[in-house]
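*Asks:* I am attaching a structure below and will ask some questions about it afterwards.
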Amino acid sequence: MEWNPALYERYRQLRERPGRDLLNAIPDIDARSAIDLGCGTGYLTRQLADRFADAAVTGLDSDDAMLAKAAATPSRVRWQKADIGDWRPLASVDLVFSNAALHWVPDHPTLFARLAGHLSPDGILAVQMPDNFAAPSHLLLKDLAQQDRWRDALAGALDHGVVLSAADYWRILRPHCRTIDIWHSDYLQVLAGDDPVLAWVSGSALLPVMTHLSVVQAADFTEAYRMALRDAYPRQIDGSTLFPFRRIFILARI
Ligand SMILES: C[S@@+](CC[C@H](N)C(=O)[O-])C[C@H]1O[C@@H](n2cnc3c(N)ncnc32)[C@H](O)[C@@H]1O
């Protein structure tokens, strides 16, 4: 699956806010090393580097286009192309940060235990992920993918996005971490323009679907999805569209 930095950054301000909320929730620590897993276009990684000025900061991502965009802005961050699933640091890390990326990586019980295992003594794991998989935007996507005309092409395409419950993450991290703080935030996102929810998911959740369809199929699918989204997310009286978005935050310290 290939990412499109321009599409993703169309809603940068709104996408950035939960990342900043995560960053602000991290206590002051004397971090000497920090990594941003799934750094994307790197705007949060650069903020991480500003906040933890003494830390060697790495931004890791598997997507060439996202990394190229990240590297295009001068900073002291070291950019690394790798898969989060394969990430095994040579030395333990003081701060492992990840915003809106780990929901693309499977097997969270193994993943989160492994990430906690890479922390140095007193190190922090700080994670934010979407937790809106029961929202109409996702359920409609799954319903359409089940229709006869797309079912075969889309088999397995939407199998990612396995975000567990807060209690599950607590149970996974408890053997490794001294303190664990997990919470949800609901953002009432107010979007402008025509079909803005479609525009939003085109930069993220819709990408795996598009990868699996031919050009003609993709156009048909997008049209059907657009109509369904218009019903689910009607325009408000001032012309804006409300797109409530739930996110889970995990802050754990060993
Ligand atoms: C929704 S974007 C978030 C980017 C950034 N963290 C932010 O908050 O703007 C998700 C990013 O995770 C990356 N990603 C997804 N799965 C990955 C994996 N298995 N390994 C490395 N990067 C991955 C994608 O390439 C993409 O850049």
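*Asks:* Quickly work out the residue 7-to-residue 171 label distance, labels modelled 7 Å from Cα along the C-beta direction, and quote it in nm with one decimal.
*Replies:* About 3.7 nm, to one decimal.
*Asks:* For segment 5-253, what relative contact order do you get, as a whole percent, if you take Cα pairs closer than 8 Å and at least 6 residues apart?
*Replies:* 21 percent
*Asks:* Could I ask something else about it? Report the gain in length on full extension from residue 178 to residue 122: 0.36 nm times residue separation, minus Cα-Cα distance, nm rounded to one decimal.
*Replies:* Value of the extension gain: 19.3 nm.
*Asks:* Which whole-angstrom value gives the distance between the alpha carbon centres of segment 1-53 and segment 62-95?
*Replies:* Between the Cα centre of segment 1-53 and that of segment 62-95, the gap is 12 Å.
*Asks:* If you plug each phi of segment 12-29 into the Karplus form 6.51 cos²θ - 1.76 cosθ + 1.60 with θ = phi - 60°, what whole-Hz ³J(HN,Hα) values come out, in order, with x for Gly and Pro?
*Replies:* 3, 4, 6, 6, 6, 4, x, x, 5, 4, 5, 4, 5, 7, 6, x, 5, 10
*Asks:* Can you give the extra length, in nm with one decimal, that the chain gains between residue 223 and residue 110 once fully stretched, where that is 0.36 nm per residue apart less the Cα-Cα distance?
*Replies:* 36.9 nm
*Asks:* Which value, in Å² and to the nearest 10, is the accessible area of residue 170 when all protein chains are kept and the probe is 1.4 Å?
*Replies:* Near enough 120 Å² of accessible area.
*Asks:* Along the charge dipole of segment 5-253, Cβ charges K/R +1 and D/E -1, which of 72, 145, 58 sits furthest on the positive end?
*Replies:* Projecting each Cα onto the dipole axis, the largest value belongs to 58.
*Asks:* Here is a follow-up. So how much accessible area does residue 83 have, in Å² to the nearest 10, using a 1.4 Å probe?
*Replies:* Only protein atoms counted, so the area is about 80 Å².
*Asks:* If I ignore ligands, DNA and RNA and count only protein heavy atoms, how much of residue 81 is accessible to a 1.4 Å probe, in Å² to the nearest 10?
*Replies:* For residue 81, solvent-accessible area is about 120 Å².
*Asks:* Which order do 11, 169 take when ranked by solvent-accessible area (1.4 Å probe, heavy atoms of all protein chains), largest first?
*Replies:* From most exposed to least exposed: 11, 169.
*Asks:* What FRET efficiency, computed as 1/(1 + (r/R0)^6) with R0 = 22 Å and r the Cβ-Cβ distance, is obtained for residue 81 and residue 187, rounded to the nearest 0.05?
*Replies:* In this case the efficiency is close to 0.15.
*Asks:* Using θ = phi - 60° and the Karplus form 6.51 cos²θ - 1.76 cosθ + 1.60, what ³J(HN,Hα) does each residue of segment 65-80 get, whole Hz, x for Gly and Pro?
*Replies:* Those phi angles translate into 5, 5, 5, 4, 5, 4, 6, 6, 9, x, 6, 8, 6, 9, 9, 9 Hz.
*Asks:* Treating the beta-carbon of each Lys and Arg as +1 and of each Asp and Glu as -1, no other charges, what is the dipole magnitude of the chain about its Cα centre, to the nearest 20 debye?
*Replies:* Using Cβ point charges on Lys, Arg, Asp and Glu, the chain gives about 420 debye.
*Asks:* Something else now. Among the DSSP beta bridges whose two residues both lie in segment 5-253, what percent are antiparallel, rounded to the nearest 5?
*Replies:* Working: 21 of 39 bridges.
Here the antiparallel bridges make up roughly 55 percent for segment 5-253.
*Asks:* Here's something else I'd like to know. Can you compute the modelled spin-label distance between residue 91 and residue 231, with each label point 7 Å from Cα toward Cβ, in nm?
*Replies:* 5.8 nm
*Asks:* For segment 5-253, what does the alpha-carbon gyration tensor say about shape, rounded, prolate or oblate, given a ≥ b ≥ c as the root eigenvalues, a/c under 1.5 as rounded, and a/b over b/c as prolate?
*Replies:* In terms of gyration-tensor shape, prolate.
The values are calculated or read from the model by the stated rules, or taken from the named source; none is laboratory data. What you are looking at is a predicted structure, and each value in this text was computed from that prediction instead of being measured. FYI the Cβ positions are ideal-geometry reconstructions off the backbone, even for glycines, and counts take in every protein chain you see. Areas reflect the complete protein model, heavy atoms only, side chains present, ligands, DNA and RNA absent. Shrake-Rupley method; radii C 1.70, N 1.55, O 1.52, S 1.80 Å.
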